[in-house]
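The structure appears below as structure tokens.
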Amino acid sequence: MKNKNLRLLKLTETALFAALCFISFTFIQIKIPVPGAGATSFHVGNAFCVLAALILGGWYGGLAGAIGMTIADILDPIYILSAPKTFLLKLCIGLITGLVAHNYAKINNSNDKRYVFKWVLIASSCGLTFNVVFDPIIGYFYKQYILGQPQKAASILAKLSAVTTFVNAIVSIILVTLIYNALMPALKKSGLLISEEKK
């Protein structure tokens, strides 16, 4: 019964974070149209993907980001064709962040605030560095070889995407580190932050 309740709690929290990813990407973004190539944008959607991975673990957090941001893409005519790429990248952000934070550093098992702060910063940086490197690369090949965009248009979008993805990563790392460390004591006290040993 306890495991069933824990699973239900995890699924509920995953749905909540998917909604936060969707809302933050859909409503808190500055879109930059690229003629003939779609668009890129400044947004904080990745922050909630990383935060989900820190609170829920890599799989649940990655799924929250992947589902929320993919639905946001599907409902936006400019991004609809990018939805499969988004699902893959956001899932990977969550998995990498969760791997570093929980499997390596085991942040939920520590009460040392400096230790947790350091590893939240490192884990967030690892997940979002992956995105900074691979979003433009995968985007370029996806646009050119899957969607059949001209090479020049795909190249322009990849370069712009690299800039916006880097800025998004910096903003997200700062936000996540501050939010997680502020929430952590309350989450532990309420029992919503489950240590890896209890899973």
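With a Förster radius of 30 Å applied to the beta-carbon distance between SER110 and LEU16, the computed FRET efficiency rounds to 0.75.
For the pair the range 82-138 / the range 1-29, the C-alpha centres are spaced 17 Å from each other.
For the residues PHE22, PHE117, a 1.4 Å probe over the protein chains yields an accessible-area ranking, largest first, of PHE117, PHE22. Computed extension length for LEU178-ILE32: 49.8 nm, one decimal, from 0.36 nm per residue of separation with the Cα-Cα distance subtracted. Taking a sphere under 14 Å around the Cβ of LYS152 and counting the other residues whose Cβ falls inside, with K and R at +1 and D and E at -1, yields a net charge of +2.
Helical content alone sets the calculated 222 nm signal of the chain at -24500 deg cm²/dmol, taking -39,500 (n - 2.57) per DSSP H segment of four or more residues and averaging over every residue. In the context of the full set of protein chains, the chain has a per residue accessible area of 51 Å² (1.4 Å probe).
According to the Kirkwood relation over distinct C-alpha pairs, the hydrodynamic radius of the chain is 17.0 Å.
The accessible-area ordering, largest first, of the residues VAL100, VAL133, VAL50 stands as VAL133, VAL100, VAL50, per a 1.4 angstrom probe.
The values are calculated or read from the model by the stated rules, or taken from the named source; none is laboratory data. Predicted, not measured: the structure shown is a model, and the values here were computed from it. For neighbour counting, all protein chains shown are included, and Cβ atoms are generated from backbone atoms with ideal geometry for every residue, glycine included. When the accessible area is computed, the model is the full protein with side chains, heavy atoms only, and any ligands, DNA or RNA have been set aside. Shrake-Rupley method; radii C 1.70, N 1.55, O 1.52, S 1.80 Å.
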